[in-house]
Structures are given as structure tokens and as C-alpha cells.
1. Here are some conditions: (1) in contact with a helix residue (DSSP H, G or I) (Cβ under 9 Å, 6 or more places away or on another chain); (2) at pLDDT below 90; (3) surrounded by 14 or more Cβ atoms within 10 Å (Cβ to Cβ). VAL15 meets all but one. Which one does it not meet?
2. Within the range 66-77, identify whether any single residue is without any contact (Cβ under 8 Å) to a residue 24 or more places away in the chain, loosely packed, with under 15 Cβ neighbours inside 10 Å and not aliphatic (A, V, I, L, M), and answer yes or no.
3. What strands (runs of 3 or more DSSP E) lie completely within the range 117-174 and have 1 or more residues being without any contact (Cβ under 8 Å) to a residue 60 or more places away in the chain and loosely packed, with under 14 Cβ neighbours inside 10 Å?
4. Quick one: how many residues across the range 32-63 are within 21 Å of PHE88 (Cβ to Cβ) and either in a loop (DSSP other than H, G, I, E, B) or out of contact with any Asp or Glu (no Cβ under 9 Å at 6 or more places or on another chain) (or both)?
5. Any residue in the range 27-41 that's more than 12 Å from VAL84 (Cβ to Cβ): show its pairings with residues that are modelled with pLDDT under 80 at Cβ separation under 7 Å, as long as the two are six or more apart or on different chains.
6. Looking at the structure I just gave you, is ALA80 crowded, with 20+ Cβ neighbours inside 10 Å, outside any loop (DSSP other than H, G, I, E, B) and not assigned by TED's automatic domain parsing to the domain that holds SER61?
7. Out of all the residues in the range 85-106, is one or more closer than 30 Å to LEU55 by Cα and in a helix (DSSP H, G or I)?
8. From ILE12, ILE82, ILE77, grab the single residue that is under 23 Å from the mean Cα position of the chain (by Cα), closer than 30 Å to SER132 by Cβ and aliphatic (A, V, I, L, M).
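The values are calculated or read from the model by the stated rules, or taken from the named source; none is laboratory data. For clarity, every value in this text was computed on a predicted model and none was experimentally measured. Note that we place each Cβ from the backbone using ideal geometry, even for glycine, and neighbour counts take in every protein chain shown.
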Amino acid sequence: MSRAGKNPIKIIDGVSIKVDGTNLVVNGPKGELKIALDTKNAGLVDIKIEDNEVLVIPKDSEDKESRTMWGTMARNIKNAVIGVTMGFSKDIVMKGVGFKAAVNGNKLTLIAGYSHDVILDVPNGLTVEMGSVVTEFSVKGTDKNLVGQFSDKICKVRKVEPYKGKGIYYKGQKVRRKEGKKK
């Protein structure tokens, strides 16, 4: 039984949820998010909105796919409610000689030890804010999946090297260090 799916999702003040055709639309102070209900997996559950709560119910409680999507859809709706009220952010740190980051409009420029600068387009709905140092910045947005995917794309530009610890990684992430050669 899904622990995430069996609990109702509370609708916070200032948030409205409605079913609009094939989408579940979540509106809040930070924006609007749509969750597709017409995909094959999303069609395995029913969604009911009652008394400031959203209930996700599997259509067939014996079907394994239906039970797995039960918890997934419940978490997607809960993340949408949190996203339109508080938002999500990932803090990223660059460590290395000459590593820098800069934001110019809708472009993120990373200087990460290559012979060229790496320029990434910031997706719609996300913002990149620079920290107090040019090697620290944060990715912010309302969609948890989009924030995580773009942050992961940034970290893959220069993966952390285990001998010196150079690279791009999340703030607070433990970098596993290896011992070098011994004489």
C-alpha cells in the first residue's frame, strides 16, 4: 500500500486546484503548474477534489502499475502545491582554479576549465541567481522536476574529480576524495 498515496493532499490558502480537460491545474502566488492526466500512467488513478483536500485513488487496487502511479501522482500534486506557494531551489558550487559563472538574461555562462565557455539556456519558469561569490549560484523555480533536471545538467558540465575535489556540485554534497599515489 502506498504511504504517499493514501494521505490526502491539503490545499493551502491561496492555492486553487481544478481539473481542466486533460490537465490538473494548480494556481498559487508564485505561478501556475499543469500536471498531465492524459498519459497512460496517469490514467490509472482517479483524482477527487473535496473539502480543501485532493484525494488520489487507484482505479484497480490489485494492479501493480495502478498502485505505483497512485503514490507518484500524489507526490506530483503535493510538489505542485509546494512549488506554487514556496518554490524550490538548488544551490550549486564550483570549485577549481579559474572557475566562474555568470548570468546574462536567459543564458548561464560557465567557465569550468575548458578551452571554451559553456553557455546554457535557462528554461522558462526557472531563474538563476548568483551568490556572493562568482562560484556559487542557485537555480530557483516552481517545478521541482525542472529545477532538478537543469541543476543536474549544470553539474554534468564538469563532474567532481575525486583526487583534488575540483568540479561542479551541490552545496552540502559530500565529495568522496581518494588518496593519490604513494612513493
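1. (2)
2. No: zero hits.
3. By residue number, 118-121, 126-130.
4. Residues meeting the conditions: 4.
5. Qualifying pairs under 7 Å: ALA36/ALA42.
6. When the stated conditions are applied, ALA80 does not pass them.
7. Checked against the condition, which is being closer than 30 Å to LEU55 by Cα and in a helix (DSSP H, G or I), the range 85-106 yields at least one hit.
8. Of ILE12, ILE82, ILE77, the one residue that is under 23 Å from the mean Cα position of the chain (by Cα), closer than 30 Å to SER132 by Cβ and aliphatic (A, V, I, L, M) is ILE82.
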